[in-house]
Amino acid sequence: MRKLGLTLLTALVGGLIAVGGYKLFESKQESRMSFEERQQLHYASNPMPNVVSSTGNPDFTQAAAMVAPAVVHITTTYPGRSGSRGSGAPFDLFEEFFGIPRQQRQQPRSQPPAQATGSGVIISQDGYIVTNNHVVEGANKIEVQLTDKRVVEAKVIGRDPNTDLALVKINESGLPFVRFGDSDKVRIGEWVLAVGYPLGLESTVTAGIVSATGRSTGIIARELQQRQYQERGGYPQSDDEPILNTAVESFIQTDAVINKGNSGGPLVNADGELIGINSNIMTPTGTYAGYGFAVPVNLVKKISDDFIKFGRVKRGLIGITFRELGPAAAKELEIDDVNGLYIMDVVAKGAAEEAGLKKGDIITKLDGRTVTSSSDLQERIYRLRPGDKVKLTYKRDGKERDVTVTLKEDTSSSERDRDSDSSAKRSATEIYNKLGAGFVPADDAKKKELGISSGVVVTQVHRDGLFDYFNVQRGLVITQINGQSVNSADDVESALANSERGIIHIVGVPQRGSRVELRIPIDY
């Protein structure tokens with residue numbers, strides 16, 4: 001009997017060890033998955049109910065019930081600024097939509113810290129949240145209120161001004177999240193719901209239809225152009241100082257009511273699937289007057305995955321400048337074609353030049369799909385990465401031809417942050433956001449190459465963050481912060497809590513070179 005009991009006990013312990021080991025393996029495997037793969041893993045064991053009523057009509061009550069618990073209220077705190085925030089200030093073009101009161105913007109010197117609010121949507125059970133770049137840009141403190149009224153701090157994982165998207169994270173688990181849909185399947189006329197926290201109200205759901213796709217409003221382009229003017233000290237003095245348009249605008253347009261505070265919240269279909277992130281509205285009044293615009297979810301997936309895999313957006317480039325054709329453009333260029341993209345110039349040694357494209361060629365299709373506007377091309381290319389191949393159909397001398405183009409990496413940096421703070425006491429998350437940097441774990445090959453056992457690679461350095469101010473370069477491998485070994489962004493945040501006397505002690509190894517030590521004051 002004793003022997004049988006011992007055997008059963010051994011089997012039980014072995015089974016528990018096996019289950020524990022499997023769970024640990026599953027956790028490690030999940031960390032390597034894309035967000036869409038993570039969602040599929042969870043939905044495989046937790047299928048969602050059918051949200052179509054017995055009459056065959058969409059049942060908005062079920063769709064709303066599925067989505068609302070995963071939509072969060074974001075409150076951001078901005079440091080006091082000297083002088084008034086005029087038209088040259090960051091995110092000025094978004095402020096009417098975002099909800100910062102006008103009187104707050106125009107106050108004179110020595111302003112106290114300002115606050116603003118927006119929305120966000122949870123996309124994974126372990127606390128990753130998608131919102132708009134303009135919701136969190138420049139904030140030194142980001143707080144997220146969950147639907148159960150808990151308020152937790154969030155840290156920025158990555159921001160992309162080109163698409164007005166950002167990924168933030170809270171240290172929570174077991175959270176509800178919204179399942180990804182497919183924005184390529186969105187059809188004009190289908191029902192959609194917008195969910196968020198507009199005008200200071202609690203979680204609010206509105207319904208409407210998709211009224212257009214592939215729409216460009218110009219708001220992101222104007223914001224990026226304004227940044228470039230600021231950096232150059234004014235407007236370009238000659239044609240030798242071109243203002244580059246790197247904005248990607250291919251919005252889903254809807255007449256579902258979207259207002260200040262909805263920014264960063266989800267646009268979902270009647271099945272409760274995420275199809276876009278609400279970004280801006282077109283209005284003469286500053287409040288809802290007809291149409292809202294959402295970033296397509298297929299672009300959201302790619303940007304979010306890039307942030308957790310590479311610490312920044314991996315952008316593949318064709319290497320051309322082009323002009324969208326229409327009757328007026330065709331007349332000016334003295335050509336007969338009124339559809340497609342006219343190549344104005346080809347970047348030397350770029351992907352297009354290597355594929356044989358020339359100035360004057362007209363791009364008509366991308367991977368067999370007709371291209372009629374710049375948004376058609378930009379949004380689809382932005383989903384791809386350097387090394388990916390695309391088939392372009394183009395016209396030359398009146399004949400259509402096909403060519404395969406291998407995208408090249410964008411080596412320019414479009415991330416721009418402004419952020420300062422004079423508060424004496426901060427949480428580790430606030431300090432993390434103040435660094436103005438992105439991190440990914442150093443892989444085993446990099447550790448072996450540098451002879452280290454731990455480390456994170458600096459993948460982004462935003463302008464005027466602490467790392468930018470003290471000239472910390474992209475590519476630096478940080479092995480320790482405040483005496484603690486770091487292997488992930490969470491480790492970095494945890495180690496920052498031990499910053500004594502307002503000093504961050506960093507030990508790192510450049511890509512090539514010997515060990516370096518940095519002591520960075522939190523206030524400068």
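The values are calculated or read from the model by the stated rules, or taken from the named source; none is laboratory data. Note that the structure is a prediction, hence the values are computed from the model and not measured. Positions of Cβ are backbone-derived with ideal geometry, glycine not excepted, and every protein chain shown enters the neighbour counts.
In the range 50-74, the qualifying residues are those that are crowded, with 18+ Cβ neighbours inside 10 Å and not in a helix (DSSP H, G or I), and the one that is modelled with the lowest pLDDT is VAL51. Taken over the range 341-376, the residue count meeting the criterion of being buried (at least 16 other Cβ atoms within 10 Å of the Cβ), touching a residue at least 40 places away in the same chain (Cβ under 8 Å) and of a type outside the set (Val, Ile, Thr) is 9. When ALA166, ALA207 are checked against the criterion of being within 20 Å of the chain's Cα centre (by Cα) and either crowded, with 23+ Cβ neighbours inside 10 Å or not assigned by TED's automatic domain parsing to the domain that holds LEU496 (or both), a single residue qualifies: ALA166. Of the listed requirements (1) at pLDDT below 95; (2) assigned to a helix (DSSP H, G or I), PHE293 misses just one: (2). Among the conditions (1) of a type outside the set (Val, Ile, Thr); (2) within 27 Å of SER31 (Cβ to Cβ); (3) part of a strand (DSSP E or B), GLU430 misses just one, which is (3). Is it the case that the range 201-215 has a residue that's touching a strand residue (DSSP E or B) at 6+ places or on another chain (Cβ under 7 Å) and modelled with pLDDT under 90? Looking for residues that are touching a strand residue (DSSP E or B) at 6+ places or on another chain (Cβ under 7 Å) and modelled with pLDDT under 90, one finds at least one in the range 201-215, hence yes.
When we screen GLY272, GLY265, GLY290 for residues that are surrounded by fewer than 16 Cβ atoms within 10 Å (Cβ to Cβ), farther than 22 Å from THR246 by Cβ and in the same structural domain as VAL121 (by TED's automatic domain parsing), the only hit is GLY290. Please determine whether any residue of the range 417-427 is basic (Lys, Arg), modelled with pLDDT under 90, surrounded by 18 or more Cβ atoms within 10 Å (Cβ to Cβ) and in contact with a helix residue (DSSP H, G or I) (Cβ under 6 Å, 6 or more places away or on another chain). No, the range 417-427 contains no residue that is basic (Lys, Arg), modelled with pLDDT under 90, surrounded by 18 or more Cβ atoms within 10 Å (Cβ to Cβ) and in contact with a helix residue (DSSP H, G or I) (Cβ under 6 Å, 6 or more places away or on another chain). With respect to the numbered conditions (1) in a loop (DSSP other than H, G, I, E, B); (2) modelled with pLDDT of 90 or more; (3) within 27 Å of the chain's Cα centre (by Cα), which one is the sole condition not fulfilled by VAL390? Exception for VAL390: condition (1). The set of residues in the range 489-500 that are assigned to a loop (DSSP other than H, G, I, E, B) and under 25 Å from ASP126 (Cβ atoms) comprises ALA497, ASN498.
Of everything in the range 250-289 that is under 16 Å from VAL67 (Cα atoms) and among the acidic types (Asp, Glu), the residue that is modelled with the highest pLDDT is GLU273.
Against the criterion of being of a type in the set (Asp, Glu), closer than 19 Å to GLY138 by Cα and either in the same structural domain as LYS391 (by TED's automatic domain parsing) or modelled with pLDDT of 85 or more (or both), GLU493 qualifies. Return the residues of the range 442-459 that are acidic (Asp, Glu) and either over 21 Å from ARG312 (Cα atoms) or surrounded by 11 or more Cβ atoms within 10 Å (Cβ to Cβ) (or both); say none if nothing qualifies. Correct list: ASP443, GLU449.
Within the range 474-524, the residues that satisfy the criterion of being surrounded by 14 or more Cβ atoms within 10 Å (Cβ to Cβ) and among the charged types (D, E, K, R) are ARG474, ASP490, ASP491, GLU493.
Out of the residues in the range 317-340 that are in contact with a Ser or Thr (Cβ under 9 Å, 6 or more places away or on another chain) and part of a loop (DSSP other than H, G, I, E, B), which is surrounded by the most Cβ atoms within 10 Å (Cβ to Cβ)? It comes out as GLY340. Filtered by the rule that a residue be more than 15 Å from ILE504 (Cβ to Cβ), in a helix (DSSP H, G or I) and charged (D, E, K, R), the range 440-488 gives ASP444, LYS446, LYS447, LYS448, GLU449.
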